[in-house]
Amino acid sequence: MFAFAASVLGAAPSNAAGITTVKVASYNVDSAWREVSQPEVPTWDSRVVGVKNVINTVKPDVIGIQEARNITVGLRTYTQASDIQRMTGYAMYQPADGATVPIPIMWRGGLFQMTASGYKVFEFKPYPDYGRAMTWVRLKSKATGKEFFVFNTHFEVGADEQAARISEATMLAAEIKRVNPGGLPAFVTGDFNAQASISAPQETQLNAIGYTDSYGIAAARMHPDYNTYNGYTVPAVGDQRIDQVYVGAASNISVQHWENWTPYGNQIVVGRPPSDHDLIYTTATFP
């Protein structure tokens, strides 16, 4: 049985006092290549329906997506991010550079306008891996006029790849400082492939520039003891919280809620969650 995850759904992006509220999610949707490496897992054409149902239920305002590749499997070419965008109606920033394609940022176009965007490649690798990179957007609330940044990334995987993750974290922090020198409110989403701890590369580097894991400062949390990596199985208690949302720059960001969303109902695909990661999200406010 999959646990039902209660949540604050459809939260308004602002209120009459001029406070901007934003629900920011991070979601590794897993590559369509999974049908080759793990044939028992449903294909992307099936899984994307569950991904769509997760997103349309949670209704994040902004989502940092990972592993939404343009990838050829056999005779079929998948455009995973475009599939998600088409099925959810979100606006999307996805640079054409091969290393950045799997990590687009999506947002509710009726609520926010993109005023700037960019990306940085950390390292190149041959197809279909593409390499590692980060993408970013600056969004403006149509209700309050306030602007904020969202940075999205995906670090190297593997127990023997800690040196690569340290390098990636260092480059990520440097690029965030370069892009956001004025200290606008900001969020960092990602699959960091290193469990959350004070010694993790992302924690060390992002803390150093004033960013904090929203998990630790949220007023309320749902399923805080579950792994964010589920391996296409039922939710499990553990320390594999490798997906995170950081908040930072402006000191007046307040985090109301953090959640590890556990799929249920029409979000389940042939008895499995639609990805090997859960969607996580944070609801935060700033003046």
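Here are the numbers:
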| item | result |
| --- | --- |
| Complete set of residues in the stretch 71-111 that are at pLDDT below 95, surrounded by fewer than 19 Cβ atoms within 10 Å (Cβ to Cβ) and touching a strand residue (DSSP E or B) at 6+ places or on another chain (Cβ under 6 Å) | P95 |
| Checklist (1) under 17 Å from the mean Cα position of the chain (by Cα); (2) more than 18 Å from P263 (Cα to Cα); (3) assigned to a loop (DSSP other than H, G, I, E, B) applied to V245, failing item | (3) |
| Pairs, first more than 14 Å from I103 (Cβ to Cβ) and modelled with pLDDT of 95 or more in the stretch 114-131, second part of a strand (DSSP E or B) and of a type in the set (K, R), C-beta under 6 Å, six or more apart | T115/R138; T115/K140; A116/R138 |
| Unique match (being at positive phi and surrounded by fewer than 21 Cβ atoms within 10 Å (Cβ to Cβ)) among H223, H257 | H223 |
| Qualifying residue in the stretch 36-48 (condition: within 23 Å of E123 (Cβ to Cβ) and either within 18 Å of the chain's Cα centre (by Cα) or outside any helix (DSSP H, G or I) (or both)) | no |
| Test: residue in the stretch 151-159 that is assigned to a helix (DSSP H, G or I), over 14 Å from the mean Cα position of the chain (by Cα) and closer than 21 Å to D30 by Cα | no |
| Positions within the stretch 177-224 being more than 19 Å from the chain's Cα centre (by Cα) and without any contact (Cβ under 8 Å) to a residue 24 or more places away in the chain, in sequence order | R178, P181, G182, I198, S199 |
| Wholly enclosed strands (runs of 3 or more DSSP E) of the stretch 57-101 bearing at least 2 residues over 24 Å from Y229 (Cβ atoms) | 76-79, 91-93 |
| Hits in the stretch 158-203 (condition: buried (at least 21 other Cβ atoms within 10 Å of the Cβ) and in contact with a Lys or Arg (Cβ under 6 Å, 6 or more places away or on another chain)) | E168, A194, P201 |
| Flag if G158 is small (G, A, S), under 26 Å from N70 (Cβ atoms) and either in contact (Cβ under 8 Å) with a residue 24 or more places away in the chain or in contact with a strand residue (DSSP E or B) (Cβ under 7 Å, 6 or more places away or on another chain) (or both) | yes |
| The stretch 161-174: number of residues that are of a type in the set (D, E, K, R), in a helix (DSSP H, G or I) and free of Cβ contacts under 8 Å to residues at least 40 places away in the same chain | 1 |
| Filtered residues of the stretch 250-287 (kept if assigned to a strand (DSSP E or B) and among the small types (G, A, S)) | S254, A284 |
| Candidate set: the stretch 112-124, residues that are hydrophobic (A, V, I, L, M, F, W, C) and either within 15 Å of the chain's Cα centre (by Cα) or over 28 Å from A143 (Cβ atoms) (or both); chosen: the one surrounded by the most Cβ atoms within 10 Å (Cβ to Cβ) | F122 |
| Exclusive hit being in contact with a helix residue (DSSP H, G or I) (Cβ under 8 Å, 6 or more places away or on another chain) and farther than 21 Å from S31 by Cα, set A163, A194, A173 | A173 |
| Qualifying residue in the stretch 12-20 (condition: among the aliphatic types (A, V, I, L, M), farther than 16 Å from I268 by Cβ and at pLDDT 90 or above) | yes |
| Residue tally, condition more than 23 Å from N227 (Cα to Cα) and either at pLDDT 95 or above or in contact with a strand residue (DSSP E or B) (Cβ under 7 Å, 6 or more places away or on another chain) (or both), over the stretch 169-204 | 14 |
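The values are calculated or read from the model by the stated rules, or taken from the named source; none is laboratory data. From a predicted model like this one, the values you see are computed outputs, not experimental measurements. Virtual Cβ from ideal backbone geometry, glycine too; neighbours counted across all protein chains shown.
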